[in-house]
Amino acid sequence: MGGVDPSTSAVLDAYLAAHARPEKIVLIGLSMGGYLAPRAAAFESRIDGVVSYNIMFNLQGVHDIPKSAVTLIRLGLGKLVVKVADVMALLKPGLRWGLSNASWTMGANGFVEQRPRTRLES
């Protein structure tokens, strides 16, 4: 699968095991799904098209996470970044939800682990 989460193929396998193959299979993604759908389709030959909208390209940018946080992570100070993010999340419900939802969506354990997975460039 070339580094892509195999869940797309697993869902297609299960669907096609229970149903006749439709004429076309189109993957639709919204928000984080809008970010992931084109990548999943690139590695899954059974997908004929993609609709991707309201794409979240960059979790860091969406929640105004300072670029200095990235520098601190690169310097091995990720635990400090997590503590600061936890305090910021207490004050900003949107940030709290975003970090929690992104961690759950990506199977990551907090901001430091999920950060490399939330940029389109990576």
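Structure above, values below:
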quantity	calculated
The range 12-34: number of residues that are touching a residue at least 12 places away in the same chain (Cβ under 8 Å) and among the hydroxyl-bearing types (Ser, Thr, Tyr)	1
Leading residue by the ranking (farthest from Leu99 (Cα to Cα)) among those in the range 54-69 that are at pLDDT 75 or above and surrounded by 12 or more Cβ atoms within 10 Å (Cβ to Cβ)	Ile55
Boolean, Leu72 is in a helix (DSSP H, G or I), at pLDDT 85 or above and either within 22 Å of Met32 (Cβ to Cβ) or not assigned by TED's automatic domain parsing to the domain that holds Lys24 (or both)	yes
Among (1) outside any helix (DSSP H, G or I); (2) over 21 Å from Pro6 (Cβ atoms); (3) modelled with pLDDT under 90, the one test that Lys24 misses	(3)
Flag if Val51 is surrounded by 12 or more Cβ atoms within 10 Å (Cβ to Cβ) and at pLDDT 70 or above	yes
Residue check, Ala102 part of a helix (DSSP H, G or I), crowded, with 17+ Cβ neighbours inside 10 Å, under 12 Å from the mean Cα position of the chain (by Cα) and modelled with pLDDT under 75	yes
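The values are calculated or read from the model by the stated rules, or taken from the named source; none is laboratory data. Computed from a predicted structure; not experimentally measured. All Cβ positions, glycine included, derive from the backbone under ideal geometry; neighbour counts span all protein chains shown.
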